[in-house]
Amino acid sequence: MNKPRFTYHKYSQYLKRVFGERVHKIPINAGFTCPNRDGAKGVGGCTYCNNVSFNPFYSYDNTDIKKQLDDGIRFYSKRYGVNKYLAYFQAYTNTYGELSHLKLMYEQALLHPRIVGIVLGTRPDCMQDDLLDYLTELSERFYVSVEYGIETAHDSTLRNINRCHTYAESVKTVERTAERNLHTGVHVILGLPGESEDMMMTTAKRISKLPLNSIKIHQLQIIKQTAMAKQFKENSELFHNLSYEEYIDLVSKFLAYLPGSITIERFISESPPDLIIHPNWNGKRNYEIAERIEDKFLKSNRWQGKYFNNGK
Ligand code: SF4
């Protein structure tokens, strides 16, 4: 049987449509901190967070943005032969700081001749109106995308993992960003402690109503040197033992609740294996799970949007 033409909306294809060629994101660390670590919102951070796990080897706590971009571009151009890049401000909270300092960091990246836009990873409670004004103005000349870690639509879970923001704040900030016509993305985690499959699908239904352009879905990973690692050691029964097969099934259902207009950027987190305590999926890569999800769609007669219901 031939594969259906549409199974899910790929972020890579979306970027190709926007730029007319393949574009790659270069993760950088601009030396920002996070209001959930410095006491402004909370202390200790989200219980699963160890920022080392999402920094690539060439990215370090350094405000020399150009050097990080040069190192990243050297690495990715050899590997993928790509000419255009987006500077991905990934580590910590990349909209947290004085506006003048934020502008300086973003503009350093945009000065690089191979950089065609910026992607800002941040928290939903960390987007001031003056920054949105500036980003809106910037988006007339460059591609600008904001990616919010909303993680789940359940406040009980958000409290449990010490996110120090609510789902209502996520909704409001996503709407304020999308109103400006900025590319608006979110990040969610499946398998958070205390969440049943029904709760995860409720998250899918709720976010399906948001004005989103893209989503990243990750499995919960318990990473060394985090509060969650300690909880896992003391009370492992609080955590669901999510198998790789079960996760593929969950993601394929989750996508079925999302409208086809949302592009899907990632399915899993690829933290360095030496930092992962649980689950051990033997270093599975995003492209591997993407193939498995397409197979799952075929076998279960699902596709992105199959269960999407705009009216409810
Ligand atoms: S996950 Fe993000 S918001 Fe949470 S502590 Fe880490 S950097 Fe801060």
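For the chain, what mean projected area does the convex hull of the alpha carbons give, in nm²? Show your work: numbers first, answer last.
On the way: hull surface 63.7 nm².
The orientation-averaged projected area of the Cα hull of the chain comes to 15.9 nm².
If each DSSP helix of 4+ residues adds -39,500 (n - 2.57) and the sum is divided by the residues in the chain, what number results at 222 nm, nearest 500 deg cm²/dmol?
-11000 deg cm²/dmol
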Exercise. Starting from the amide H of residue 88, placed 1.01 Å from N in the peptide plane, find each other amide H under 5 Å away whose residue is 5 or more places distant or on another chain.
Key: 26, 28, 119
Quiz prompt | Cα-projected label distance for residue 43 with residue 13, points at 7 Å along beta-carbon direction, nm | solution = 5.0
Quiz item: Give me the Kirkwood hydrodynamic radius of the range 167-244 in Å, from all C-alpha pairs, to one decimal place?
Solution: 14.4
Practice problem: List the cysteines in the chain whose Cβ has no other cysteine Cβ under 4.7 Å from it. | Solution: 34, 126, 164
Quiz item: Which whole-percent values make up P(r) of the range 157-312 when all C-alpha to C-alpha distances are grouped in 5 Å steps starting at zero?
Solution: 2, 8, 17, 21, 20, 16, 11, 5, 1, 0
Exercise. Among the lysines, select those whose C-alpha is under 19 Å from the C-alpha of residue 299, and discard any that sit fewer than 8 residues away in the same chain.
Key: 3, 253
Quiz item: If amide H atoms are built 1.01 Å from N in the plane of the peptide, which residues on other chains or at least 5 residues away come under 5 Å of the amide H of residue 151?
Solution: 187, 188, 189
Quiz item: How much of the accessible area of the chain, probe 1.4 Å, is carbon plus sulfur, in whole percent?
Solution: 48
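Applying a 10 Å radius around every beta-carbon, put 170-178, 13-21 in order of their mean neighbour count, most first.
170-178, 13-21
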Self-check item: Per residue accessible area of the chain, 1.4 Å probe, in Å²
Solution: 47
Quiz item: If you stretched the chain out fully between residue 159 and residue 111, how much longer would it get, using 0.36 nm times the residue separation minus the C-alpha to C-alpha distance?
Solution: 13.3 nm
Quiz item: Once amide H atoms are placed 1.01 Å from N in the peptide plane, what residues at a sequence separation of 5 or more from residue 183, or on another chain, have their amide H within under 5 Å of its amide H?
Solution: 144, 146
Self-check item: Set of aspartates and glutamates with alpha-carbon distance to residue 41 below 15 Å, sequence-local pairs under 8 removed
Solution: 125, 169
Quiz item: Among the listed pairs 16/103; 172/205; 103/172, which are separated by more than 19 Å between their Cα atoms?
Solution: 16/103; 103/172
Practice problem: Filter the cross-link list 25/66; 230/284; 284/306 down to pairs whose alpha-carbon distance in this structure exceeds 22 Å. | Solution: 230/284; 284/306
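The values are calculated or read from the model by the stated rules, or taken from the named source; none is laboratory data. Note that this is a predicted model, so its numbers are computed, not measured. Neighbour counts are summed over all protein chains in view; Cβ atoms, including those assigned to glycine, are modelled from backbone coordinates with ideal geometry. These area figures cover heavy atoms from the full protein model, side chains too; ligands, DNA and RNA do not enter into them. Shrake-Rupley method; radii C 1.70, N 1.55, O 1.52, S 1.80 Å.
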